[in-house]
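First comes the structure, then the notes that go with it.
The values are calculated or read from the model by the stated rules, or taken from the named source; none is laboratory data. These figures come from a predicted structure and were not determined experimentally. Positions of Cβ are generated from backbone atoms using ideal geometry, with glycine treated the same way; all protein chains shown enter the neighbour counts. Note: accessible area is taken over every heavy atom of the protein model, side chains too, but ligands, DNA and RNA are not part of it. Shrake-Rupley method; radii C 1.70, N 1.55, O 1.52, S 1.80 Å.
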Amino acid sequence: MGDPTTTWTDDNLMSLQSHVLAGEREHPGATGDFSWILSAISLATKTIGNKVRRARIEDVIGELASNNTHGEQQQKLDVIANEIIKSCLGSRANIGVLVSEEDEEPTILRTRSDGGRYAVFFDPLDGSSNIDVSVGVGTIFGVLRLPDGGKGGTEALLSPEAVMVAAGYVLYGSSTVFVLTTGNGVDMFVLDHSIGSYVLTKRDIRIPTEGKIYSINEAYSARFQEHVQTYLQWAHDNDYSSRYIGSMVADVHRTLLKGGVFLYPATSDRPEGKLRMLYEALPMAMLIEQAGGRAVTDHGTRILDLKASTIHERTSVVLGSSGEVDLFEKHSDTSL
Ligand code: AHM
Ligand code: MG
């Protein structure tokens, strides 16, 4: 007879839900807020993942006649994913504000004094133009604790006292992968369809400090600033490989696991960059830094130090292995 007591080993089955609950138990006085919010995100992403897998069968691929708030073509699934997230998160009593790429205005659920302590930002289906060709797409989210006091709504979430307390993405790829940080490292879960749960597969992921891969839409080269072109020429001369899927979640996921650098710099036609600060750049920057990497703008400002002045503000993005971001800065003149 062996020892009847069970101790934790990395071989034990750990669901996302139990992982979050275990994290909360380590903090005396924790309110259960995270498990409440993350269970809604978990449910929403399982539902979206199911829609993505069945998109062709249910005939929900393709474009809508409408554009989103940025004037970009909306896919049918963008709208469906947005509705799914809002219906799952909307009933959580501690969420005050939802900000989505697909909605021009934030959805105000409840005031701070009515218990709305958090704002959740999300891009419901990033890279959705790739769905028609069955390429990986994803959901990105960030959770912000709103400051105590009278402010509510947009004013509260854009205020300097609002703090990002969790970030993550779900990649709907060859498997459905949930990558999460609550400010204490980065953990990865994979959806086990046979039991309907995300199960922990990798704890405390560390991004490789180096990796000779750059990920950028190089077709825009002529429109990049000179210092970005200088870096790319240096990378060509130094035996780098190029990998670009065109879905930020998939490109960042590869960068997190294999190392390298992902870049979406400013172009002459998009001087602010393309990616959105709140629900694309900031959550990915928090994840990459928590994994030991770096995330900066194309002029070297730390993304986590940026403060959005509008909810759909854009920024340039350079993120990945710390050594590779250093090399980007070294081989481009960021004072330009
Ligand atoms: P989306 O939010 O409209 O899907 O756009 C964001 C996507 C990112 O996933 C990806 O990194 C980028 O746009 C690709 O843009 P491009 O086609 O210009 O390379
Ligand atoms: Mg997006």
Label-to-label distance, nm, for residues given as residue 202 and residue 58 (7 Å Cα→Cβ offset): 2.9
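Are there any helices in the chain, counted as whole DSSP H runs, that stretch 18 Å or more along their axis by Cα and score at least 0.5 on average by Kyte-Doolittle, and if so which?
Working: long enough: 33-58 (37 Å, 0.04); 76-89 (20 Å, 0.75).
In the chain, the long hydrophobic H runs are 76-89.
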Taking H placed 1.01 Å from N in the peptide plane, check which residues at least 5 places from residue 166 or on another chain put their amide H under 5 Å from its amide H. 143
Determine the principal axes of the Cα atoms in region 16-202, then give the extent along each, sorted from largest to smallest and rounded to whole angstroms. 46, 38, 24
Summarise the accessible area of the chain (1.4 Å probe, protein heavy atoms) by the percent that is carbon and sulfur. 49
Calculate, axis by axis, the spread of Cα positions in the chain along the three principal axes, and write the results as whole Å, longest axis first. 60, 55, 47
The chain: relative contact order as a whole-number percent, Cα under 8 Å and 6+ apart: 14
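Over region 213-332, what relative contact order in percent results from Cα pairs under 8 Å that are six or more residues apart? Don't skip to the end; give the middle numbers.
Values: 191 pairs, mean separation 36.2, N = 120.
For region 213-332, the relative contact order is 30 percent.
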Can you tell which of 320, 211, 115 shows the greatest fluctuation in a Gaussian network model of the chain with Cα springs below 10 Å? 115
So for region 213-332, using the alpha carbon gyration tensor with a ≥ b ≥ c as root eigenvalues (a/c under 1.5 gives rounded; past that, a/b versus b/c decides prolate or oblate), I'd call it oblate
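Given 0.36 nm per residue, what is the gain on full extension from residue 239 to residue 27 after removing their alpha carbon distance, in nm? If you can, show how the numbers build up before the last one.
Working: separation 212, 0.36 × 212 = 76.32 nm, distance 4.71 nm.
So the extension gain works out to 71.6 nm.
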Would you compute, for the Cα atoms of region 195-271, the largest minus smallest coordinate along each principal axis and list the three values in descending order, in whole Å? 49, 28, 16
Mean accessible area per residue over the chain (1.4 angstrom probe, all protein chains present, square angstrom) is 44
Region 258-336: which GluC sites (Glu not before Pro) are DSSP loop and have at most 16 other beta-carbon atoms within 10 angstrom? 272, 313
Please compare each pair in 76/212; 46/274; 76/330; 51/212 to a cut-off of 32 Å on the Cα-Cα distance and tell me which ones are over it. 76/212; 76/330; 51/212
Looking at region 84-158, which GluC sites (Glu not before Pro) are in a loop (DSSP not H, G, I, E or B) and have at most 16 other Cβ atoms within 10 Å? 104
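Which value, in debye to the nearest 20, gives the size of the charge dipole of region 213-332 about its Cα centre, when Lys and Arg are +1 and Asp and Glu are -1 at the Cβ? Provide the component values of the computation, followed by the final result.
Numbers: 12 positive and 15 negative charges, 62 e Å.
With only Lys, Arg, Asp and Glu charged at Cβ, the dipole is about 300 debye.
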